[in-house]
Ligand code: ATP
Ligand code: MG
Ligand code: MG
């Protein structure tokens, strides 16, 4: 395809983007700290001037170097320097996607909520918050308990969230969230968490993937079921429409992960949006006509988008999370999957294992939901503390 994509961030999302790029002869240059991050391991440079860059995706000089090698820049993480992306954008033949303005809004979760609610998207009530006991007490009085306290910036996997169950925990919350800029969200008593991947082409065409159910454990996405099954079959289309409309409020091409809450009465609240490939969309590699990674590349390079339709009746994705610094549990689970029909193992090549760290995932496809659950059983048996 003769184009060079510069990626800020070289973790597992960059790795899967690079894998998708290699199938289309698209060159990728990765910017991240270290010589052999998960993404850098899977693609070698075709020519010397396209070698990967050892530097931080938050470092202006390193970002400028990346821009000098690429036709388009994109991100696998939103915690990047949006000002520098804005600066290099006009010099790049295909620009920066998603747009730096989009990244800037989304990377501040309070600004993101303001943006979405001002454009008519349904989000839980939220408040700006000073990091003080009095301000949190006021927020409890106006939004009630439990109260979700969130860091505005640098949040992932729930690090940055504190669920305040009583006013006696205010000091603990301030200690846990330190001096990070905070905001408060009214608690959402959802029945399910759901997600939709949405891709927008450079021409503004918007396509959504099926709505999926995401199951979280300790704030980390643990399991995804695709498609979402609900007693009310209208929820599928409603969730997709809400996700598409939310993505239309942002500028720039590419894939977006839209996290939502499903209520008992069928209402759908937006939780947050990721301006990049997303954990809840890993299943698309094996289960959809076109993966989220390939469609992201197609979108940012001005190529035709591919169909997001499911090509199997039922699919699931199970994250392989580290249990400790030992890789033993990771290996046990990955090996268990090797004997399960319809299972595909993705290990990310991370140098070190830690409790809660995403070390890989398993995608499972099946001809029915019942068969999917049968196939999941040996995987859960290899995972202490998990059941269907
Ligand atoms: P991610 O890794 O998805 O970026 P994050 O650190 O940005 O996560 P959130 O998505 O804001 O965190 O929240 C993490 C989880 O906390 C959600 O998936 C959901 O389970 C729960 N949660 C978040 N906000 C609320 C809320 N207002 N009410 C109830 N639960 C919530
Ligand atoms: Mg987040
Ligand atoms: Mg989230």
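What the table shows:
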quantity	calculated
Which listed residue is over 28 Å from residue 319 (Cβ atoms) and within 16 Å of ligand 2 (Cβ to nearest atom), from 111, 171, 135	111
Residues (surrounded by fewer than 15 Cβ atoms within 10 Å (Cβ to Cβ) and over 23 Å from residue 216 (Cβ atoms)) located in region 333-388	335, 338, 339, 341, 351, 352, 367, 368, 370, 374
Region 214-241: number of residues that are away from ligand 3 (no atom under 16 Å from the Cβ) and assigned to a helix (DSSP H, G or I)	7
Candidate set from region 218-246 (those that are free of Cβ contacts under 8 Å to residues at least 60 places away in the same chain and within 16 Å of ligand 1 (Cβ to nearest atom)); member that is nearest to residue 74 (Cα to Cα)	243
Some residue of region 100-110 being part of a helix (DSSP H, G or I) and more than 27 Å from residue 149 (Cα to Cα)	no
Any strands (runs of 3 or more DSSP E) falling wholly within region 254-359 and containing at least 3 residues that are touching a residue at least 40 places away in the same chain (Cβ under 8 Å) and within 17 Å of residue 16 (Cα to Cα)	254-262, 314-321
Within region 275-300, considering residues that are surrounded by fewer than 24 Cβ atoms within 10 Å (Cβ to Cβ) and either more than 16 Å from ligand 2 (Cβ to nearest atom) or more than 22 Å from residue 364 (Cα to Cα) (or both), the one nearest to the chain's Cα centre (by Cα)	285
Given (1) under 29 Å from residue 213 (Cβ atoms); (2) within 16 Å of ligand 2 (Cβ to nearest atom), index of the condition residue 191 fails	(2)
Residue satisfying condition, being under 14 Å from residue 173 (Cα atoms), away from ligand 3 (no atom under 15 Å from the Cβ) and within 26 Å of the chain's Cα centre (by Cα), within set 145, 129	129
Single unsatisfied condition, residue 151 versus (1) within 18 Å of the chain's Cα centre (by Cα); (2) away from ligand 2 (no atom under 16 Å from the Cβ); (3) over 24 Å from residue 252 (Cβ atoms)	(2)
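Here is a yes/no grid of residues against (1) more than 18 Å from residue 279 (Cβ to Cβ); (2) surrounded by fewer than 23 Cβ atoms within 10 Å (Cβ to Cβ):
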residue: 6; (1), (2): yes, no
residue: 25; (1), (2): yes, yes
residue: 49; (1), (2): yes, yes
residue: 70; (1), (2): yes, no
residue: 75; (1), (2): no, no
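Quick note: the coordinates plus some simple rules give every number you see, no bench work behind them. Predicted, not measured: the structure shown is a model, and the values here were computed from it. Glycine gets a Cβ as well: all are built from the backbone with ideal geometry, and neighbour counts include every protein chain shown.
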